[in-house]
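Structure provided below as structure tokens; questions to follow.
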There are 2 protein chains.
Amino acid sequence: MAGKPNSRETVLDTASKLFFKQGYHGTGLNQIIKESCCPKGSLYYYFPEGKEELALQCIDRSKRIVADKWKDVFERVPDPVRAVQRFIENMAEDAQATDFEGFIPFSFWMAVETSAISDSLRAACQSVLAEWLHIISGRLLKEGLQEQLATETAEVLLSMLEGALILAQTNRDTRHILLISKYAGLMLNEVLGRSQT
Amino acid sequence: MAGKPNSRETVLDTASKLFFKQGYHGTGLNQIIKESCCPKGSLYYYFPEGKEELALQCIDRSKRIVADKWKDVFERVPDPVRAVQRFIENMAEDAQATDFEGFIPFSFWMAVETSAISDSLRAACQSVLAEWLHIISGRLLKEGLQEQLATETAEVLLSMLEGALILAQTNRDTRHILLISKYAGLMLNEVLGRSQT
DNA sequence: CAAATTATAGTGATCGGTCTACATATTATA
DNA sequence: TATAATATGTAGACCGATCACTATAATTTG
């Protein structure tokens, strides 16, 4: 907010939105240039290695943004089960509000596409998943879960959520996401040895 | 097996493999032509409306193939919980055997990409999900589950599985899939009111 | 001035798609 | 049965458009 809406950030914003909506190959540099109003010269000035570097930075950026979201919700909501549900409900709201087009940067299907393109992109995607899993399982560890169970639970949770996002985007219906919120709550309560409410 | 390895089927095979591995935009017609050894003239003879029609048929084909797999496993394995687990374990084996490149046609991330391309492709993808869900929830209904619970359980199951496939493909590790087999079993046993083994 | 940034014109390569020519079957007619 | 006519399928040259990317000049900024 330094008065100047840094051109570089604008490009990353636009590129992220488009990449996560249309995929890597489905998004042309010309489209990014047009929608971000950033001329080609600037784009290659900021990202001299071109499209792949741009995508890589978008992926890293989404890693940080989503990680911050997880940390934030775990800080604000003391109960980890409610925190996870809050996170998921927020996703559903974002999806609804943007008509399933802007609720970047969580839906991670692009990882599969980019994993087939280059090793560096695949490594970046692996790092994203690892980071998110680390945060979630870390919170569960703090509840006293043993390490393996915490890891497994976090993985299942992330699988559910990613899968639900695919169903939700395909059907343009947030019901699939909200359903996961409910079942994730059930699963977590059970794992944490609580009685069902 | 009529002696003549129909060229049309070969194209669908190759195209499906490539589409589900690289995505729609990431797969060029020239690549399909080269790898299937089917000349462009023949391709446009079989699929006069071009790439989109080809993708549509690949999607429909995968719908049928996977639906048959579900039906088959439910016929062969009487216990629905074990049947679901068997299905998931088969996915993991296929993934391993083909080095995460051929275990088409189940991973459904391409649905998100194609959903952004045209309404007919999106409709086709919706139909695929609906069909698979119908088969799974139908089997649960036969176990005496009430309709809403059966539907919800099937949706959660499919979400888990699709999400796990994303994690597995990104990390090139079937562990994520096998983990889902375990947790799907737990969830189904609970829903069906059984004691945990 | 010098560095940082913007602005475009233009590069070869590849994209999906069209077109025509040709080869091989199958059927129709005598 | 011989052959003409039609249908089926193969083969690839070619098209304009777009792709990611480069080169270089102009402009702004410190």
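The values are calculated or read from the model by the stated rules, or taken from the named source; none is laboratory data. Small disclaimer: the values here were computed from a predicted structure and weren't measured. Counting neighbours? That spans all protein chains shown, and the Cβs are built from the backbone with ideal geometry, glycine included.
Residues that are among the hydroxyl-bearing types (Ser, Thr, Tyr), more than 20 Å from B:SER181 (Cβ to Cβ) and away from DNA strand D (no atom under 16 Å from the Cβ): does segment B:81-100 have at least one?
no
Follow-up question, since we're still on this one. Of the conditions (1) within 13 Å of DNA strand D (Cβ to nearest atom); (2) away from chain B (no Cβ under 14 Å); (3) not β-branched (Val, Ile, Thr), A:LYS71 clears all except one; give me its number.
Condition not satisfied by A:LYS71: (1).
Conditions tested, residue by residue: (1) over 17 Å from B:GLU101 (Cα atoms); (2) more than 11 Å from DNA strand D (Cβ to nearest atom).
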| position | (1), (2) |
| --- | --- |
| B:THR27 | no, yes |
| B:ASN30 | yes, no |
| B:CYS37 | yes, no |
| B:GLY41 | yes, no |
| B:TYR46 | yes, no |
| B:GLN57 | yes, yes |
| B:ARG64 | yes, yes |
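Name the residue that is nearest to B:LYS63 (Cα to Cα), counting only residues in segment B:13-49 that are touching a residue at least 60 places away in the same chain (Cβ under 8 Å) and of a type outside the set (A, V, I, L, M, F, W, C).
The qualifying residue nearest to B:LYS63 (Cα to Cα) is B:SER16.
A:LYS182 fails exactly one of the following numbered conditions: (1) in a helix (DSSP H, G or I); (2) out of contact with any Lys or Arg (no Cβ under 9 Å at 6 or more places or on another chain); (3) farther than 23 Å from B:PHE108 by Cβ; (4) not acidic (Asp, Glu). What is the number of that condition?
For A:LYS182, the failing item is (3).
Just for segment B:14-48: of the residues that are surrounded by 15 or more Cβ atoms within 10 Å (Cβ to Cβ), among the small types (Gly, Ala, Ser) and within 14 Å of chain A (Cβ to nearest Cβ), which one is nearest to B:VAL66 (Cα to Cα)?
B:GLY23
Restricting to segment A:74-103, count the residues that are out of contact with any Asp or Glu (no Cβ under 7 Å at 6 or more places or on another chain) and buried (at least 21 other Cβ atoms within 10 Å of the Cβ). Please lay out each step first, then the result.
Residues of segment A:74-103 that are out of contact with any Asp or Glu (no Cβ under 7 Å at 6 or more places or on another chain), as a first pass: A:74-79, A:81-102.
Applying the additional criterion that residues be buried (at least 21 other Cβ atoms within 10 Å of the Cβ) yields A:84, A:87-88, A:91-92, A:95, A:100.
Number satisfying all stated conditions: 7.
Can you list the helices (runs of 4 or more DSSP H) found entirely within segment B:22-81 that contain at least 1 residues being more than 18 Å from B:CYS125 (Cα to Cα), within 12 Å of DNA strand C (Cβ to nearest atom) and of a type outside the set (Val, Ile, Thr)?
On the way: elements: B:29-36, B:40-46, B:51-76.
So the answer is B:29-36, B:40-46.
Something else: Restricting attention to segment A:125-145, which residues are of a type outside the set (S, T, N, Q), in contact (Cβ under 8 Å) with a residue 40 or more places away in the chain and under 20 Å from A:LEU161 (Cα atoms)?
Once the filter is applied, which keeps residues that are of a type outside the set (S, T, N, Q), in contact (Cβ under 8 Å) with a residue 40 or more places away in the chain and under 20 Å from A:LEU161 (Cα atoms), segment A:125-145 yields A:CYS125, A:VAL128, A:GLU131, A:TRP132, A:ILE135, A:ILE136, A:ARG139, A:LEU140.
Hey, another quick one. Is it the case that A:CYS58 is buried (at least 16 other Cβ atoms within 10 Å of the Cβ) and at pLDDT below 90?
Working: buried (at least 16 other Cβ atoms within 10 Å of the Cβ): yes; at pLDDT below 90: no.
Answer is no for this residue.
Being in contact (Cβ under 8 Å) with a residue 40 or more places away in the chain and of a type in the set (D, E, K, R) is the requirement here; does B:GLU75 meet it?
no
Could you tell me whether A:ALA111 is within 19 Å of the chain's Cα centre (by Cα) and within 10 Å of DNA strand D (Cβ to nearest atom)?
It is false that A:ALA111 is within 19 Å of the chain's Cα centre (by Cα) and within 10 Å of DNA strand D (Cβ to nearest atom).
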